[in-house]
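**Student:** Can you read through this structure? Questions will come right after.
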Amino acid sequence: MVAIVVILAATVSVFTLGIADDINRPGPLVAQSSGELVSGGTNQIVRLTHIAGDSLTVSNLEIVVDAQDACGGKSRIVNLPTNTLGPENYNGDDIFDYFSPDGGQLDTSADGTWEPGETASFRLASGECELNSDDKITVRVIHTPTRSVVIQESLITT
């Protein structure tokens, strides 16, 4: 009888305290996005455009870059927003050169929200991750509170 009361009390407290709401809460919806990988000389710039859907709070995002097929590197951009990509801003291989070469919503000078119609960009280091014509990388934008992928783009060098 005591065990039944304990189980019931635990179940009621989970729903009453809202713990279940955090578990079941969906991530934001990005209905449409696009990506571009521009490579030429030392420029290997990734541009992601949030075309339609929910606004994204930049501090709740991480960006996973999988370039293992192209150059053997895989890394995650963390601690956004930022103006640079030092060791405190990536987990994994050091495949980044610097951040936001042409501005963008992941930069600290932006308003902290990535709205539809806005672009974010970063640059891959040509010395650390040399991309050749037709190399493919995959970029995923992760909403960290829900661990959901809100943008996924497979990009081929142009």
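**Student:** Scan segment 105-126 for residues that are touching a residue at least 24 places away in the same chain (Cβ under 8 Å) and part of a loop (DSSP other than H, G, I, E, B) and report the count.
**Tutor:** The qualifying residues number 12.
**Student:** Right, another one. Cβ contacts < 9 Å: first residue of a type in the set (Gly, Ala, Ser), restricted to segment 136-158; second residue outside any strand (DSSP E or B), any location; separation 6+ or different chain. Result?
**Tutor:** Pairs that qualify, where the first residue is of a type in the set (Gly, Ala, Ser) and the partner is outside any strand (DSSP E or B), are Ser148/Pro26; Ser148/Gly27; Ser148/Pro28.
**Student:** Here are some residues: Leu80, Leu61, Leu106. Which one is hydrophobic (A, V, I, L, M, F, W, C), buried (at least 20 other Cβ atoms within 10 Å of the Cβ) and at pLDDT below 85? Break it down stepwise before answering.
**Tutor:** On the way: Leu80 fails: at pLDDT below 85; Leu61 fails: at pLDDT below 85.
Of Leu80, Leu61, Leu106, the one residue that is hydrophobic (A, V, I, L, M, F, W, C), buried (at least 20 other Cβ atoms within 10 Å of the Cβ) and at pLDDT below 85 is Leu106.
**Student:** When residues of segment 40-85 are filtered for being aliphatic (A, V, I, L, M) and touching a helix residue (DSSP H, G or I) at 6+ places or on another chain (Cβ under 7 Å), how many remain?
**Tutor:** Matching residues across segment 40-85 total 3.
**Student:** Being touching a Pro at 6+ places or on another chain (Cβ under 8 Å) and under 25 Å from Ala31 (Cα atoms) is true for just one of Ser121, Ser154. Which residue is that? Quick ask: steps written out before the conclusion?
**Tutor:** On the way: Ser154 fails: touching a Pro at 6+ places or on another chain (Cβ under 8 Å).
Being touching a Pro at 6+ places or on another chain (Cβ under 8 Å) and under 25 Å from Ala31 (Cα atoms) holds for just one of Ser121, Ser154, which is Ser121.
**Student:** Please work out if Thr119 is touching a helix residue (DSSP H, G or I) at 6+ places or on another chain (Cβ under 7 Å) and within 26 Å of Ser148 (Cβ to Cβ).
**Tutor:** For Thr119, the condition - touching a helix residue (DSSP H, G or I) at 6+ places or on another chain (Cβ under 7 Å) and within 26 Å of Ser148 (Cβ to Cβ) - is not met.
**Student:** Right, another one. Filtering segment 70-99 down to residues that are part of a strand (DSSP E or B) and charged (D, E, K, R), which residue is nearest to Ser121 (Cα to Cα)? Outline the logic, then answer.
**Tutor:** Residues of segment 70-99 part of a strand (DSSP E or B): 73-77, 90-92, 96-99.
Among the residues that remain, those that are also charged (D, E, K, R) are: 74, 76, 97.
Working: Lys74: 17, Arg76: 14, Asp97: 12 Å.
Taking the candidates together, the pick is Asp97.
The values are calculated or read from the model by the stated rules, or taken from the named source; none is laboratory data. This structure is a prediction, so every number in the text was calculated from the model and none was measured. Ideal geometry is used to build each Cβ from the backbone, glycine not excepted, and the neighbour counts take in all protein chains shown.
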